[in-house]
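The structure appears right after this line, and notes come after that.
Nothing in this text is a laboratory measurement; each read-out follows from the coordinates by a stated rule. Only a predicted model underlies this, so the values are computations on that prediction, with no experimental measurement involved. Because the Cβ atoms are built from the backbone with ideal geometry, glycine has one as well, and the counts that use them run over all protein chains shown.
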């Protein structure tokens, strides 16, 4: 009889989100967090990293747009001292370009390769995959770029969150889905929604390979300590379309 060993799960730092995933992110996988700017993707990414660091798992943050000083400042407001974690050698914030990052992954002599060898990070966040379009906007070439990045991270057994600003992933333009959702293991959609004339944030899991994840849509808040899921929406339909309405009882 063949016994299939269940793969290790890594906590997001939010128990309710871990429960939605069936226990947390699956070790060694790549998850896409898709959503508009400011919806909380970077916060969830840092929550994922700091949660791992608290368990002795080193973390790596690759940013293509935001300077480390800005990340450090913003994170301090939520309760994370990234500067101290860097000094302890538990976290590395790297500001670079998509082209240099891709080339670094392909070279065993690059500073990034040396960082991976010396730190042996368990978790990584890439902010954001949107910037790979600077290299090419051709869907076929982009898919190849994404595969190169994902395969390199998986070879190192790094569990990775890739942030992306394609807010219309649930409603593809011209009926064409962008290539990134096809090559990652999991896809999370984070978006702003209007409910009862007030803005809220909502999260759902569109796909998660190897896990029987929950399909509900959950509102969430950004608080001290990171993202906090709230009870599921009730009696509301059309959340992902952006046009919500109350469902009449009976």
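Can you tell me what share of the DSSP beta bridges in the chain is antiparallel? A percent to the nearest 5 is fine.
Details: 21 of 44 bridges.
Taking every DSSP beta bridge with both residues in the chain, the antiparallel ones total about 50 percent.
Angle between the Cα long axis of helix 68-78 and the longest principal axis of the chain, 0 to 90 degrees, nearest 10?
40 degrees
Determine the distance separating the Cα centre of the stretch 85-162 from the Cα centre of the stretch 60-76; give it in Å without decimals.
What the calculation gives is 15 Å, centre to centre.
Report the extension gain between residue 74 and residue 222 in nm, rounded to one decimal, defined as 0.36 nm multiplied by the number of residues separating them, less their alpha carbon distance. Kindly include the intermediate steps, with their values, before the conclusion.
Numbers: separation 148, 0.36 × 148 = 53.28 nm, distance 1.23 nm.
Gain on extension, residue 74 to residue 222, equals 52.0 nm.
Using only Cα atoms and rounding to the nearest 10 degrees, what angle (0 to 90) does helix 139-155 make with the longest principal axis of the chain?
60 degrees
Using all alpha carbons of the chain, what is the percent of pairwise distances in each 10 Å bin, ordered from the shortest bin to the longest?
7, 31, 36, 20, 5, 1, 0
Between residue 199 and residue 109, how high is the FRET efficiency from 1/(1 + (r/R0)^6) when r is the Cβ-Cβ distance and R₀ = 45 Å? Nearest 0.05.
On the way: r = 48 Å, r/R0 = 1.07.
Calculated value: 0.40.
At a threshold of 8 angstrom on Cα-Cα distance, excluding pairs fewer than six apart, so keeping six or more, what relative contact order does the chain reach in percent? Provide the component values of the computation, followed by the final result.
Working: 444 pairs, mean separation 62.3, N = 250.
About 25 percent, as a whole number.
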